[in-house]
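Below: the structure, in structure tokens.
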Amino acid sequence: MKNKLKILLGLVIVIALVLVLTGCTSGNSKKESTTNKASGSSSSSGNGDSSTLSETILTGGVNVLYLHHSTGENIWNGGVSSYVENYNSENNKNYQITELAFPSEEYGWENYPYDYWNIWVNNAGSSNYQGQPTLENLTADYDVISWKHCFPVGTIEEDDNNPDASSSTKTLANYKLQYNALKDKMHEFSDNKFIVWTGAALIQSETNNDQAQRTRQFFEWVKDSWDESGDNIYVWDFYELETEGGNYLKSSYAAGDSHPNESFSSKVGPYFGKRLVDVIEGKGDSGSITGK
């Protein structure tokens, strides 16, 4: 009888150990499935299988920074903040969005790939550069940061066979080096999310065919190669909204020059709001890249 009791007790102990170990394994798997960058690849392939990756859902109060110049201001005035306010009210959320002209006049009214690289990569750190906050400072105050270029980004010159990230010359090769460095920099802030706009486009009379083709080539590269599934960077395809498959800002969307008009801005402002909500709520890789 004693031997039988010992055997039964041994079986109970073994079963208990198996259950404990199984529970631990299941718990870890569940935790991983809710984290942000399932395998955090830093390659530039842009061909990650999003079905095997998961995204962070930002909860509680979420602070968003919307960086812009004049084009972005038009879109902001087209209903970005009201979209967020209405969404909060209807869904019991607390998403707060703040707009900021960046870089400011103190640096110079230029917000092209070189300028973001110069401020955030070349002069990174806890100190502002020429009055402009670095990512170290911005990410301490904001959970999501949206940044963009104004339409002179499309005045892209022919490559000079001397690619250099530290050059302000607008060439495809320089842009790509600057964007790759910016991607690496944003990846340092894994608790934050970033929304990068494509565009803005120029009207046909303010550019030429070669520059327009280079502009489309660059932003196609941003979407198809530079952007990755499963990381903390997301694209809003503003360029496609402005051009609708062409190489120029549609004349019906223009305010006489290459700025978007009020009608277009009111149309797409809510699209940005929808894209923002998707990114916050873990649907940045699966949601519409235009926010439609």
Condition met for SER167 (modelled with pLDDT of 95 or more and closer than 18 Å to ILE289 by Cβ): no
Cross-chain or 6+ apart pairs with Cβ under 7 Å, segment 66-95 first and free of Cβ contacts under 8 Å to residues at least 24 places away in the same chain, then surrounded by fewer than 17 Cβ atoms within 10 Å (Cβ to Cβ): ASN88/ASN94
Residue that is surrounded by the fewest Cβ atoms within 10 Å (Cβ to Cβ) [pool: residues in segment 242-266 that are out of contact with any Pro (no Cβ under 9 Å at 6 or more places or on another chain) and assigned to a helix (DSSP H, G or I)]: SER252
Counted residues, segment 64-91 - those being outside any helix (DSSP H, G or I) and either touching a helix residue (DSSP H, G or I) at 6+ places or on another chain (Cβ under 7 Å) or modelled with pLDDT under 95 (or both): 4
First in segment 157-171 and under 11 Å from THR215 (Cα atoms), second anywhere and part of a loop (DSSP other than H, G, I, E, B) and among the aromatic types (Phe, Trp, Tyr), Cβ under 9 Å, 6 or more apart: LYS170/TYR112
Of the criteria (1) over 18 Å from TRP221 (Cα atoms); (2) of a type in the set (A, V, I, L, M, F, W, C); (3) part of a helix (DSSP H, G or I), which one TRP109 fails: (3)
Test: residue in segment 182-189 that is within 15 Å of TYR239 (Cα to Cα) and at pLDDT 95 or above: no
Index of the failed condition, ASN118 passing every other in (1) out of contact with any helix residue (DSSP H, G or I) (no Cβ under 7 Å at 6 or more places or on another chain); (2) under 24 Å from PHE272 (Cβ atoms); (3) among the polar types (S, T, N, Q): (2)
Where ASP160 falls short, out of the listed (1) more than 22 Å from the chain's Cα centre (by Cα); (2) at pLDDT 95 or above; (3) of a type in the set (Asp, Glu): (2)
Single match in GLY154, GLY199, GLY230 (criterion: out of contact with any Phe, Trp or Tyr (no Cβ under 9 Å at 6 or more places or on another chain), in contact (Cβ under 8 Å) with a residue 40 or more places away in the chain and closer than 20 Å to THR290 by Cα): GLY230
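The values are calculated or read from the model by the stated rules, or taken from the named source; none is laboratory data. Keep in mind that what you see is a predicted model, and the values were worked out from it rather than measured. Here the Cβ is made from the backbone with ideal geometry for all residues, glycine too, and neighbour counts use every protein chain on show.
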